């Protein structure tokens, strides 16, 4: 108000640069935790990757291959998402610390 900025300009140039960088690490942790906790959904009968791997294993009595593929998929997705979050943190730190 002292600088006579419009509400949109205040939000865009003052509030967002201060609010986004502290929130990104927490959101990144939540995203990675989401990948790690997704197999728990099979306990409540949500058909997803882990449950599909169990079904394939029960049909062929070969549990190793589908479970390994699911584990590798979860590992790849969590590593990719953590790398993406790390990149976003660096960009935000560079942009907002000027």
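General remarks:
- Residue in region 25-38 that is in a helix (DSSP H, G or I), in contact with a helix residue (DSSP H, G or I) (Cβ under 7 Å, 6 or more places away or on another chain), surrounded by 11 or more Cβ atoms within 10 Å (Cβ to Cβ) and modelled with pLDDT of 85 or more present: yes
- Candidates 82, 78 - the one that is modelled with pLDDT under 85, on the phi < 0 side of the Ramachandran plot and surrounded by 14 or more Cβ atoms within 10 Å (Cβ to Cβ): 78
- Complete set of residues in region 1-12 that are in a helix (DSSP H, G or I) and either exposed (fewer than 11 other Cβ atoms within 10 Å of the Cβ) or in contact with a strand residue (DSSP E or B) (Cβ under 9 Å, 6 or more places away or on another chain) (or both): 7, 8
The values are calculated or read from the model by the stated rules, or taken from the named source; none is laboratory data. The model shown is predicted, which means the values in this text are computed figures rather than measured ones. All Cβ positions, glycine included, derive from the backbone under ideal geometry; neighbour counts span all protein chains shown.
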